[in-house]
Amino acid sequence: MKLLNAFTPVYISMNPYSAQIAQSTILVTGGAGFIGSHIVHRLVADGAKRVVVLDNLSNGFIKNIESLLSLPQVQFIEGDVRNLNICMDAAKGVDLICHQAALGSVPRSLSDPVTTNDVNIGGFLNMILAAKEHAVSRFVYAASSSTYGDSMELPKREDNIGKPLSPYAVTKYVNELYAHVFGLNYGVKHIGLRYFNVFGPGQDPKGAYAAVIPLFIQAVLDNQSPVVNGDGEQTRDFTYIENVVEANMHALFTSNEAALNTVYNIAVGQQTSINELVTAILTQESKDIKPLYRDSRSGDVRNSLADISKAKNLLGYNPKIDFEQGIARTYSWFKANQEFISR
């Protein structure tokens, strides 16, 4: 995948689900956000019959999908998943729902747990209820590795979680519980994808709750020191966006009935410390910049590494881009697209 200045991900796809995609109308909530917009671009590139984007633009940006808005098969609805009527209207005539809308960030949830709850739980309930009422054939949603909480097991396996460490983690776990209940009682077919630290081109480096990789890359491009929380030896399973998009394609279109009504780790299965992340970014241009260290943040998981065997075996998920490749691609995109980022 290469990316152009106007944020148009160019996916050259060999999609085994082409026939299903061509016959499907897919609603992507949060479709102007980082992950959601990549999914929208991929669905359009793969010839989807119609793609409906629902986003309130609180975290998403029109610029992420503006190159698609003139296409007749793309419909944009500016609306909030906290509004049940909007969710019901958006789901009319839809075959599949890809629910990406959420308020991310552990620190944000700690500072404002009420809004995080309203969006992530209330909004989720509205959307899965809309899926039920309109007999949508499949409901795929963004789950989170934060669900593992205080579990010390490595690698993380789907059937062994701990107690949540933040309001955000609580909301994402409740999503999984609601999906289970709607499958059990109403027959809603669902798949949850537990994302592990997704990164890539187009991720916003601005704002109080920006993710670590765009923050670090932008700091280095500005010749500033990346700010590390804690000692930097905490680890993550950083997952390039193209792998996540691929996982969503499998989840939306797989014909394997055994793959439905469960959750999957979506990662690479590669453990990287924050200090190693800093080094990987700095070596993109051999810059002599030292990180600054500050106190650890409340609610953060110490170590994370995913077992992705379940997703491989049941969904056919096979991540193509490892951490090093992903960092190189992401850094190159940020360097070439400073004008786009500043918009």
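What to note about this one:
- Electrostatic bookkeeping for residue 33 treats Lys and Arg as +1 and Asp and Glu as -1; over the other residues with beta carbon under 11 Å from its beta carbon, the sum is -2.
- Acute angle (nearest 10 degrees) that the helix 212-221 long axis makes with the longest principal axis of the chain, alpha-carbon atoms: 50
- Helical content alone sets the calculated 222 nm signal of the chain at -10000 deg cm²/dmol, taking -39,500 (n - 2.57) per DSSP H segment of four or more residues and averaging over every residue.
- Mean silhouette area of the chain, derived from the convex hull of its C-alpha atoms and averaged over all directions, reads 15.4 nm².
- Near residue 193, once Lys and Arg are set to +1 and Asp and Glu to -1 for all other residues with Cβ below 13 Å from its Cβ, the sum equals +1.
- The angle between the Cα long axis of helix 167-186 and the main principal axis of the chain comes to about 20°, on a 0 to 90 degree scale.
- Between helix 123-133 and the chain: long-axis angle, C-alpha atoms, 0 to 90°, nearest 10: 30
- Other residues whose C-beta falls under 13 angstrom from the C-beta of residue 283 contribute a net charge of -3, scoring Lys and Arg +1 and Asp and Glu -1.
- Peptide ranges 45-56, 80-91 listed from the most packed, as the mean C-beta count within 10 angstrom indicates: 45-56, 80-91
- Full-extension gain in nm, residue 312 to residue 255, via 0.36 nm per residue minus C-alpha separation: 19.1 nm
- Those lysines that a straight Cα-Cα span of less than 23 Å connects to residue 287, excepting residues fewer than 8 apart in one chain: 206, 335
- Under the criterion of Cα pairs below 8 Å and six or more residues apart, the relative contact order for the chain equals 16 percent.
- For the peptides 242-254, 59-71, 267-279, residues were scored by their other Cβ atoms within 10 Å and the scores averaged per peptide; the highest-first order is 242-254, 267-279, 59-71.
Readers should treat all values here as calculations from the given coordinates under stated rules, not as data from a laboratory. Owing to the predicted nature of the structure, the values given are computational and were not obtained by experimental measurement. Heads up, the Cβs are rebuilt from the backbone with ideal geometry, glycines too, and the neighbour counts pull from every protein chain shown.
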